[in-house]
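Structure first, then comments.
The values are calculated or read from the model by the stated rules, or taken from the named source; none is laboratory data. Since we're looking at a predicted model, the values are computed, not measured. Note: ideal-geometry Cβ built from the backbone for every residue, glycine included; neighbour counts use all protein chains shown.
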Amino acid sequence: MGKTGKSQGDVPPMGELQDRRMLKRYMAVLRATLDVKEGVTLDMLDISGCKRLSWDAVRGALPNMGRVGRLRMRGGPLVTARSVAATHKLLAELGACTAAASLSLALRHDEGSLRHSVDQYLSAILSTAARDLKIEALDLDLEDEETGTEGAMALAAALTPHEQDMFIWSLRTLNLAGNQLCGVDDDGDGTYDASGFEALADALAFNTSLNTLNLEHNNLGDGGAKALAVALTPNAEGVFNGSLNTLILYNNRIGPQGAKALAVALTPNAEGVFNTSLNSLDLDGNAIGDEGAKALAVALTPNEEGVFNTSLNTLCLTGNKIGKEGAKALAAALTPNDQGVFNGSLNTLDLTYNKIGDEGAKALAMALTPNAAGVFNGSLNTLDVRSNFINDDVARHLAEAVLQHPCITKFNTIMMQDIRDDKVTKLDLLLVFNGSLNTMNLHENNIGPEGAKALAMALTPNAEGVFNTSLNTLNIEYNDIGPEGAKALAVALTPNALGVFNTTLNTLNLQENDIGTEGAKALAVALTPNAEGVFNTSLNALNLKKNKIGTEGAKALAVALTPNAEGVCNTSLNTLNLQENDIGPEGAKALAMALTPNEKGVFNTSLNALNLQENDIGTEGAKALAVALTPNEEGVFNTSLNALNLKNNKIGTEGAKALAVALTPNAEGVCNTSLNTLNLQENDIGTEGAKALAVALTPNEEGVFNTSLNALNLKNNKIGTEGAKALAVALTPNAEGVCNTSLNTLNLQENNIGTEGAKALAMALTPNEKGKMILELKEPRRWPLHSLEMRWECSHVVEHTESGR
């Protein structure tokens, strides 16, 4: 719900495994993984929401550990009297086994329990953690707990320093997002009462350890902002909270008065004293308006003595109803005055979704443009003014000022359509002529064929051979440029009669532009050696995903990559994405020919990544590609291709077997040694296909196996229990203790491997009969498999997911 919110990448903790059968299956692997050598450091131990069964399974392995880098207790525990005692015991047991450098603690509650128990819980649990675990840094997460005014009071009491509660001195991060700290929720329901938050702010005034405070979505209003400002503002003795450096106040209904109070803390007083610790202030989603922006600008603007706030470097003011006057005031702080003095500390300013208009944009452009003396603001490196009612040529002038600036990089990736309020024009596209622009992103801007032609004009050498030499990355995906637009761009990339072409553009993204066969053929001409053997040598990444190029388009590109009679071919293109282009078996065969050693042993040696996902290449297409990868009678094979994506291509069992032959050591022990990533997801390879691939990965009688493949995706292939068992054999040490030591990522999701298949794979993660460690948590050397994706994972970070499939 909040701006920062929960991390979407977090792995669900073990406490979420409620099914005993799934939990036992996981624990079989976890116990083996935790059976580490004495003194090993565990990067992270996640005991979030641990139930008894989970904790018992972990407890036995802990005594050998020397230290836990990070202990995480998220998604729990419930704050009740019972949970206080249970968690107290759990931490004490953990403390008896090991030390923890940091604690990440998230409290969750039953209805109404937290606001009555938080003081007791924090005092009991955190002091225990500090004493038994010797916590050096504490991150406390109370997001969405609706603690309200009473909870704020309790927190204030818990966070007020006491000599006996040493945990308070380790508090580094406090997340109180979505807690109705002033009694009002996001919808405005409730009765506003700032007394609890005022007590909390008072407590923070004396805290010297907290450096990050998240108060988003709390409806603090101006009253809450003023209370917080008191803690941050130097008092009569010049004392203020000197530890807080990041403050998040997103979406708190703070108006001009609240912003003015915060600005006082940041503004040098009569003695020149101001808050020197706060360096990041997030006021996104409030309503400070022009008056609030002006007050903050005063803090940032050099006064008559040339003094200004020198600590704040990030200011986020998205969606604050700031108009032209507020923008002008902020621009004045950034613009060198008559003495050449300006704010040189602010490096990030976000004014997205305001109403600064043309006049505000002009003022900002002025700040970035060198004055008559050649002085300009050289500290600002990120400026975001998207969606601000900027029209006509003002948007272009602002972009030009930014692009001529030596430090600002943000505009290199911001889409022009988002900067301005009207349509993108040809003049905007000609910004590519600017000598400092190196990346242009026009994703989904409806530039069409004419817009593509305007871009091409800037990139194409003129009669004197002059062209843009700075742009190296161009993204115009989803723009419907069609065949004509693609042809125009191809002209820029194709050597002309004098052999001149654009030599700087190296990445071109034309995804979903309906360029068709003709557009692909035109681009292929640029990449194909001409009669004099000249071709484009700069383009190394080409994305033509979903462009309907068909079989003939693929064949044309294949010609560019295939050595001709003189053995010459394109040697610059290394990444080619042809996903969803209906190239079929014949298109795949043509591309395979480019990659296959010919009678002279010559083949394309530059292409290392080929994406043919969803192209219906079938068994025949897969077999042709396999020939390129398989050592021939002379032992020659393609040694450049290292990533091949054949997802959803109906290659079947026979296609998988052909590819397996390429990867399997032959009688002479020779096999493909270049391919390291193979994606065969959704190809119906079945049990037999999986078994064939397993043979390639399993040490043979001489102990030889494929040592190059490190990532294999077999998701949704109906490999079943027997297929999983065959793959497990490759990963399990044999009688001589030899096993596959190269594969580190294996995706077997949605394959119906069953309990027996899971057991076989789990056994591969357990110590063998000789007690040799297959996977060490800190430095996996002997057997570095760290990601076994069946919706569960085992790694040096003890986290996992489990689907039961």
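Observations, loosely collected:
- Among residues of segment 240-264, those that are at pLDDT below 90 and either aliphatic (A, V, I, L, M) or touching a strand residue (DSSP E or B) at 6+ places or on another chain (Cβ under 7 Å) (or both), counted: 1
- Qualifying helices (runs of 4 or more DSSP H) (wholly inside segment 384-482; at least 2 residues being modelled with pLDDT under 55 and out of contact with any helix residue (DSSP H, G or I) (no Cβ under 6 Å at 6 or more places or on another chain)): 416-419
- Of all residues making up segment 607-640, the number that are more than 17 Å from ILE583 (Cβ to Cβ) and in a loop (DSSP other than H, G, I, E, B): 12
- Applying a threshold of 9 Å to beta carbon distances and a minimum spacing of six or more residues, or different chains, the list of pairs starting in segment 574-588 at a residue that is under 11 Å from ALA643 (Cα atoms) and ending at one that is of a type outside the set (A, V, I, L, M) and part of a strand (DSSP E or B) reads THR575/THR507; THR575/ASN543; THR575/ASN611; LEU576/ASN543; LEU576/ASN611.
- Which listed residue is at pLDDT 95 or above and small (Gly, Ala, Ser), from ALA524, ALA531: ALA524
- The set of residues from segment 280-299 being touching a Leu at 6+ places or on another chain (Cβ under 6 Å) and modelled with pLDDT under 95 comprises ALA297, ALA299.
- Segment 192-222, residues that are of a type in the set (Val, Ile, Thr) and modelled with pLDDT of 85 or more: THR212
- Residue in segment 596-619 that is over 34 Å from the mean Cα position of the chain (by Cα), under 25 Å from LEU508 (Cα atoms), free of Cβ contacts under 8 Å to residues at least 60 places away in the same chain and surrounded by 22 or more Cβ atoms within 10 Å (Cβ to Cβ) present: yes
- Any hit, segment 754-770, residues being at pLDDT 90 or above, outside any loop (DSSP other than H, G, I, E, B) and buried (at least 18 other Cβ atoms within 10 Å of the Cβ): no
- Inspection of segment 303-320 identifies no residue that is over 16 Å from PRO234 (Cβ atoms), part of a helix (DSSP H, G or I) and over 31 Å from the mean Cα position of the chain (by Cα).
- Test: residue in segment 515-525 that is farther than 15 Å from ASN536 by Cα, in a loop (DSSP other than H, G, I, E, B) and touching a helix residue (DSSP H, G or I) at 6+ places or on another chain (Cβ under 9 Å): yes
- Within segment 564-595, being in contact with a Lys or Arg (Cβ under 8 Å, 6 or more places away or on another chain) and either buried (at least 19 other Cβ atoms within 10 Å of the Cβ) or within 17 Å of ASN543 (Cα to Cα) (or both) holds for ASN577, LEU578, GLN579, GLU580, ASN581, ASP582, GLY587, ALA590.
- Cross-chain or 6+ apart pairs with Cβ under 9 Å, segment 171-196 first and at positive phi, then surrounded by 14 or more Cβ atoms within 10 Å (Cβ to Cβ) and in a strand (DSSP E or B): GLN180/GLY190; GLY183/GLY190; GLY190/VAL184
- Of the residues making up segment 596-609, those that are within 15 Å of LEU542 (Cβ to Cβ) and either touching a helix residue (DSSP H, G or I) at 6+ places or on another chain (Cβ under 7 Å) or among the aromatic types (Phe, Trp, Tyr) (or both) are ASN604, LEU607.
- A Cβ distance below 6 Å, combined with a sequence gap of six or more or placement on separate chains, defines the contacts here; from segment 241-254, residues that are within 19 Å of THR352 (Cβ to Cβ) reach residues that are of a type in the set (Lys, Arg) in the pairs TYR250/LYS3.
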